[in-house]
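Enquirer: Handing you a structure now.
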Amino acid sequence: MSFVLIKKDPKTKARLGMLSTAHGDIETPTFMPVGTQATVKTLSNQDLIDSGIQVILSNTYHLYLRPGEDIIKRAGGLHKFCGWDKPILTDSGGFQVFSLATLMKVSDKGVGFSSHLDGSKHFLTPEDVIRLQSSLGSDIMMPLDECVEYPCTKDRAAEALKLTTGWAKRSKDAVKSKQLLFGIIQGSTYMDLRKEAAERIREIGFDGYAIGGVSVGECEELIYEIVDNTTNYMPADKPRYLMGVGTPPDFLEAVSMGVDMFDCVVPTRNARSGTAFTKEGKLPLRNRGFCDDFKPIDPECGCYTCKSHNRAYIRHLFNTDEILGLRLVSLHNIYFYAKLIQVSREAIRENRFSEFKKEFLQKYCFTTIRRRYNHSPLAFSDWS
RNA sequence: GGGGACGUCGUCUAGCUGGUUUAAGACCCCUGACUGUCGAUCAGGUGACCGAGGGUUCGAAUCCCUUCGUCCCCG
């Protein structure tokens, strides 16, 4: 199990790589759809494979609460339980403990919290979280960390950082399996803290490194600044994972900053509220304007949805609360994301990532603005 | 034939011992948002002049009369 850096883009920090895991190889950059409850909502495993997805993300916190460690263990592990025999990355649940659970109490020892499902009380140590992920049998494990809110004072960020780093060491020491373990770099919006975190985590030594604690409310520019800075402090010979990000533009920006792995709920969650992603920006399919638009979401897209259905029908499904709508748009969005990352890999391979990114962003953003305001963005200059 | 109840945004309702209602809410509808996921949620917006007509009053969705309509009960 290893990471091979195949190529570096000459103009940006973008990289092409291959990460080997117990359940197969992952070409990087890669996108991991979020399957919190051991399912990427509305999609079957075959849908994911057909879309070109190579790895999915699941969640220790959620699976620990339901169905519980024991059931998955008895099923023969998470792969057998959910029928996905390709790589799985499990998030520790650190994020969920801080975002979902109530009555949370953090100490050096671990985190105590009440379940968001039934209020039952739990206490998890970093060692527990590793043991849980070991039971799940995921290919890549994430250690328990403390993800601070935004905005956050430097003192608080530093405190959380110290805790996360201490937990990281304990997590590493607790690993008894061959599963990969990534380290998480926190530090909020403070670049010196990010640097310090990266160094400390790097000293411990992990199979990969993640940038955590971003996209918790900061603006886009700040996210990019954090990512661009932090990747400078991350080892070049290990995969870099940007947790929870992002939109298609976020994606390309982060790839150009040297990030290899992403997960994000945006394509699937937005799909379920009726928003499709296309090369020309977001398409809010519930809008009235689509009620008699009989074109596919994207005429050039090769996904099942675009080959089989039109916008008017999908809008109708959303209007009538039919579950097929959620599925069709999820399918399209996941295909779109998978395709975007695949095309990005090709561009890196062919030394034209920078051009590809520029071209994509131009079309994506330009069309979004033109659609929204019904005129060319160039017209803005006329106002001044 | 006799008696009773009710008619308020597309829908369901609140208000109806008259002024604080330039008529409120929910759903629908229309826009946004959504970044280590509740099919969730959140944020805005359009929409009724109170069945119609007349009267009382400084002032009526609120009181009175007429009328139209719907529903119920008794024959």
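The values are calculated or read from the model by the stated rules, or taken from the named source; none is laboratory data. Source: prediction; values computed, not measured. Glycine gets a Cβ as well: all are built from the backbone with ideal geometry, and neighbour counts include every protein chain shown.
Enquirer: So how many residues does the range A:1-60 have that are basic (Lys, Arg), crowded, with 17+ Cβ neighbours inside 10 Å and touching a strand residue (DSSP E or B) at 6+ places or on another chain (Cβ under 7 Å)?
Expert: Number of matching residues: 1.
Enquirer: Moving to a separate point now. Please tell me if A:LEU378 is at pLDDT 95 or above and either in contact with a helix residue (DSSP H, G or I) (Cβ under 9 Å, 6 or more places away or on another chain) or not in a loop (DSSP other than H, G, I, E, B) (or both).
Expert: Taking the combined requirement at face value, the residue does not satisfy it.
Enquirer: Let me ask you something else. For the range A:64-105, how many residues are within 13 Å of RNA strand B (Cβ to nearest atom), at pLDDT 95 or above and of a type in the set (A, V, I, L, M)?
Expert: Counting residues in the range A:64-105 that are within 13 Å of RNA strand B (Cβ to nearest atom), at pLDDT 95 or above and of a type in the set (A, V, I, L, M) gives 2.
Enquirer: To continue, here is another question. Taking A:GLU322 as the residue in question, decide whether it is surrounded by fewer than 20 Cβ atoms within 10 Å (Cβ to Cβ), among the acidic types (Asp, Glu), touching a residue at least 60 places away in the same chain (Cβ under 8 Å) and within 14 Å of RNA strand B (Cβ to nearest atom). Let's see the steps before the verdict.
Expert: Numbers: surrounded by fewer than 20 Cβ atoms within 10 Å (Cβ to Cβ): yes; among the acidic types (Asp, Glu): yes; touching a residue at least 60 places away in the same chain (Cβ under 8 Å): no; within 14 Å of RNA strand B (Cβ to nearest atom): yes.
Answer is no for this residue.
Enquirer: Working only within the range A:259-290, note down all residues that are more than 7 Å from RNA strand B (Cβ to nearest atom), outside any strand (DSSP E or B) and of a type in the set (A, V, I, L, M, F, W, C).
Expert: Restricting attention to the range A:259-290, the residues satisfying the condition of being more than 7 Å from RNA strand B (Cβ to nearest atom) are A:259-262, A:267, A:271, A:276-281, A:283, A:285, A:290.
From the residues that got through so far, the ones that are outside any strand (DSSP E or B) too are A:259-260, A:267, A:271, A:279-280, A:285, A:290.
Correct list: A:VAL259, A:ALA271, A:LEU285, A:PHE290.
Enquirer: In the range A:176-195, what count of residues is obtained for those that are β-branched (Val, Ile, Thr) and surrounded by fewer than 21 Cβ atoms within 10 Å (Cβ to Cβ)?
Expert: Summing the residues that are β-branched (Val, Ile, Thr) and surrounded by fewer than 21 Cβ atoms within 10 Å (Cβ to Cβ) in the range A:176-195 gives 1.
Enquirer: Give the range A:351-375 a look and list any residue that's more than 14 Å from A:PRO249 (Cβ to Cβ) and at pLDDT 70 or above, or say none.
Expert: Of everything in the range A:351-375, those that are more than 14 Å from A:PRO249 (Cβ to Cβ) and at pLDDT 70 or above turn out to be A:ASN351, A:ARG352, A:PHE353, A:SER354, A:GLU355.
Enquirer: Take A:ASP237 and tell me if it is touching a residue at least 24 places away in the same chain (Cβ under 8 Å) and either surrounded by fewer than 22 Cβ atoms within 10 Å (Cβ to Cβ) or in a helix (DSSP H, G or I) (or both).
Expert: Here the answer is yes, as A:ASP237 does meet what is asked.
Enquirer: Which residue, of A:ASP228, A:ASP250, is near RNA strand B (Cβ under 8 Å from one of its atoms), out of contact with any Pro (no Cβ under 9 Å at 6 or more places or on another chain), assigned to a helix (DSSP H, G or I) and over 22 Å from A:PRO87 (Cβ atoms)?
Expert: Criteria check complete, one pass: A:ASP250.
Enquirer: Please pick out the residue among A:ASP207, A:ASP250, A:ASP292, A:ASP260 that is touching a Leu at 6+ places or on another chain (Cβ under 6 Å), at negative phi and not aliphatic (A, V, I, L, M).
Expert: Only one candidate passes the filter, namely A:ASP207.
Enquirer: Could you figure out which of (1) more than 14 Å from RNA strand B (Cβ to nearest atom); (2) assigned to a loop (DSSP other than H, G, I, E, B); (3) touching a residue at least 40 places away in the same chain (Cβ under 8 Å); (4) not aliphatic (A, V, I, L, M) isn't true of A:LYS109?
Expert: (3)
Enquirer: Then there is this: Can you tell me which of A:LYS176, A:LYS195 is farther than 30 Å from A:GLY24 by Cβ and in the same structural domain as A:GLY112 (by TED's automatic domain parsing)?
Expert: None of the others qualify; the one that does is A:LYS195.
Enquirer: Condition check: touching a residue at least 12 places away in the same chain (Cβ under 8 Å) and either surrounded by fewer than 20 Cβ atoms within 10 Å (Cβ to Cβ) or away from RNA strand B (no atom under 14 Å from the Cβ) (or both). Does A:ALA210 satisfy that?
Expert: When the stated conditions are applied, A:ALA210 does not pass them.
Enquirer: Separate question: Mind telling me which of the residues A:ARG286, A:ARG200, A:ARG272 ends up being among the basic types (Lys, Arg), without any contact (Cβ under 8 Å) to a residue 40 or more places away in the chain and farther than 30 Å from A:ARG170 by Cβ?
Expert: Numbers: A:ARG200 fails: farther than 30 Å from A:ARG170 by Cβ; A:ARG272 fails: without any contact (Cβ under 8 Å) to a residue 40 or more places away in the chain.
Exactly one of A:ARG286, A:ARG200, A:ARG272 is among the basic types (Lys, Arg), without any contact (Cβ under 8 Å) to a residue 40 or more places away in the chain and farther than 30 Å from A:ARG170 by Cβ, namely A:ARG286.
Enquirer: Tell me which residues, restricted to the range A:291-312, are surrounded by 19 or more Cβ atoms within 10 Å (Cβ to Cβ), part of a helix (DSSP H, G or I) and not β-branched (Val, Ile, Thr).
Expert: Within the range A:291-312, A:CYS306, A:ARG311 meet the criteria.
Enquirer: Return the residues of the range A:178-213 that are among the hydrophobic types (A, V, I, L, M, F, W, C), more than 19 Å from the chain's Cα centre (by Cα) and within 11 Å of A:THR230 (Cα to Cα); say none if nothing qualifies.
Expert: A:MET191, A:LEU193, A:ALA197, A:ALA198
Enquirer: Would you pick out the residues in the range A:127-148 that are among the acidic types (Asp, Glu) and either away from RNA strand B (no atom under 13 Å from the Cβ) or more than 24 Å from A:ARG194 (Cα to Cα) (or both)?
Expert: Across the range A:127-148, the qualifying residues are A:GLU127, A:ASP128, A:ASP139.
Enquirer: Next question, about the same structure. Output the number of the condition that A:GLU350 fails; it satisfies all remaining conditions of (1) of a type outside the set (Val, Ile, Thr); (2) more than 10 Å from RNA strand B (Cβ to nearest atom); (3) on the phi > 0 side of the Ramachandran plot.
Expert: It is condition (3) that A:GLU350 fails.
Enquirer: Please specify each residue of the range A:1-10 satisfying the condition of being part of a strand (DSSP E or B) and not aromatic (Phe, Trp, Tyr).
Expert: Across the range A:1-10, the qualifying residues are A:VAL4, A:LEU5, A:ILE6, A:LYS7, A:LYS8.
Enquirer: Under the condition of being closer than 19 Å to A:MET104 by Cα and free of Cβ contacts under 8 Å to residues at least 24 places away in the same chain, which residue from the range A:123-155 is surrounded by the fewest Cβ atoms within 10 Å (Cβ to Cβ)?
Expert: A:PHE123
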